[in-house]
Amino acid sequence: MVAIIRTALKEEEHLKTLWRQREDRSMPRWVTTQYQEHWKGAHVTLIITGAHRGAPQVTYVARASKVRGPGDDLKKRVEVIKPYRLLSPVPWEELERAVPQLSRRFLSRDGALPDGAGRHLLAALSRRASDIVPHLNTLGVGNKPTPALTPTAKLLIDERDATLTSVRMTDFDLDELVSWEQPYEDDDVPFVARIQTRNGPSHEDDLIAHDAQRFRDWLGPEDWLNRSAWAGFRQGEQRLVIYNANRKAAEVTLGVDLIYYHESRDSFVMVQYKRMSKGSGRSDWRYYPSSDNNLADQLERMRAIDDECDNLRREIDDYRLYSRPSWFKLCQGDSLLSDAKSLTPGMYLSREHFDQLHKRFQAPGNARSFSRKTVDRYFDNTEFTDLVAGGWIGTTGFGTKGVQDQLELSLSGSREVVFAAVTGDSPSKRERMQRRRERGTDQPSW
């Protein structure tokens, strides 16, 4: 999202002194106050100077978000970070003329703009001052995909996809996620710690924080990991908490497991991520089981989980089209996607279907790899997440103890674990469709 801050004379003079680059190339933060009704979440923010002399101009571009601290009944503290000073400030009137008529009425106020108006404004500014484009990239706006060349980057793209898949499987509004901070270097910060939400930090919701602590107790004692983070979302009576957990460094982590638990349905789904590659001169993405030394052990573990769930299933349990929990997602391995809401293209296969194809591919004369050319049937992102959201796939009657046991088993290995738990009653399909129509959801298939 995009926001506007107009500075007064003293603020403008203060920023000239404050925003001088330090020796480490960083810039100090600026904390100001803004009317709270227009500040929710984090925003790419245009700082306008010169309004006091009747010549407003965009001088800085930064990121701003509401923070805790003293304010008053009308205003809240806003923290502004990562500022960039335009080489040549752009007159505000010029930008107003470049924005479509319907969006101009929002430009007179400070604070966050509607999504459409914000996009038009940033596009106009980028055309007029092209030097800001690299900085917008660092803020997560409009940047081209960055190749995932390191183990940490490859892990991050799967963490990101598992997190977004969890939101989609709960049928929550992905527009709650407004941006995410891409790494400047090969750091080890999980994806859920990088996201910015429309309504600010999820930790401030007492009910979500309560759920977070309750499910965190499933994960073990306080010192059980080297890196962890969580985020929470609320929609109606439902609450979703997502944890990112790992015992190992990225260099020795073998991949990502997504464990999704739906409390009211007593159901869980587990997705294991595998990365496809594109060989020299080839146009399609492929996964080669023969080059995956960990596959045999992983398949054995997944078969054991599926068999246990089958044994615990009862006739009175909720109906499922497929009631085993274990799935693979074969992902394209090319890039870190730039926005906060698009899932990685790939193919979802149940463990049972994967086993069948794997045996077929081992026969003489057959294909040796999984790809869209060799696999006729699979689920895409939209199909898979819709089936989970509707309760058509996933275990039934497995019980919380089984999910806790699976978490413990996953965390004891060398894989990243993204654990998502949703509480509260699920809306009916009619209610879900109505909610999608109201928010104008248009989820593409990949």
Original post:
Under 22 Å Cα-Cα from Lys274, which lysines qualify once same-chain neighbours fewer than 8 residues away are excluded?
Top reply: Lys154, Lys248, Lys329, Lys341, Lys359, Lys373
Original post:
Thr382 to Thr33: extension gain in nm, 0.36 nm per residue of separation minus the Cα-Cα distance?
Top reply: 121.5 nm
**OP:** Starting from the Cα of Ser290, step 7 Å along the direction of its Cβ; do the same at Ser277; then give the gap between the two resulting points in nm.
**Re:** 1.4
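Would you kindly calculate the mean projected area, averaged across all directions, of the convex hull enclosing the Cα atoms of region 266-376, in square nanometres?
The directionally averaged projection comes out at 9.4 nm².
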Original post:
Tell me, what % of the accessible area of region 347-446 is carbon and sulfur with a 1.4 angstrom probe?
Top reply: 48
Subject >> Solvent-accessible area per residue for region 302-422 (1.4 angstrom probe, square angstrom) >> reply: 43
Original post:
What FRET efficiency would be calculated for the residue pair Asp115, Glu438, taking the C-beta separation as r and a Förster radius of 22 Å, to the nearest 0.05?
Top reply: 0.90
**OP:** Check the straight Cα-Cα distances from Lys10 and name the lysines below 20 Å, setting aside those fewer than 8 residues away within the same chain.
**Re:** Lys75, Lys76
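The values are calculated or read from the model by the stated rules, or taken from the named source; none is laboratory data. The structure displayed is predicted, hence computed values, not measured ones. Methodologically, a virtual Cβ is constructed for each residue, glycine included, from the backbone with ideal geometry; neighbour enumeration extends over all protein chains shown. Ligands, DNA and RNA are excluded from the accessible area calculation, which covers all protein heavy atoms including side chains. Shrake-Rupley method; radii C 1.70, N 1.55, O 1.52, S 1.80 Å.
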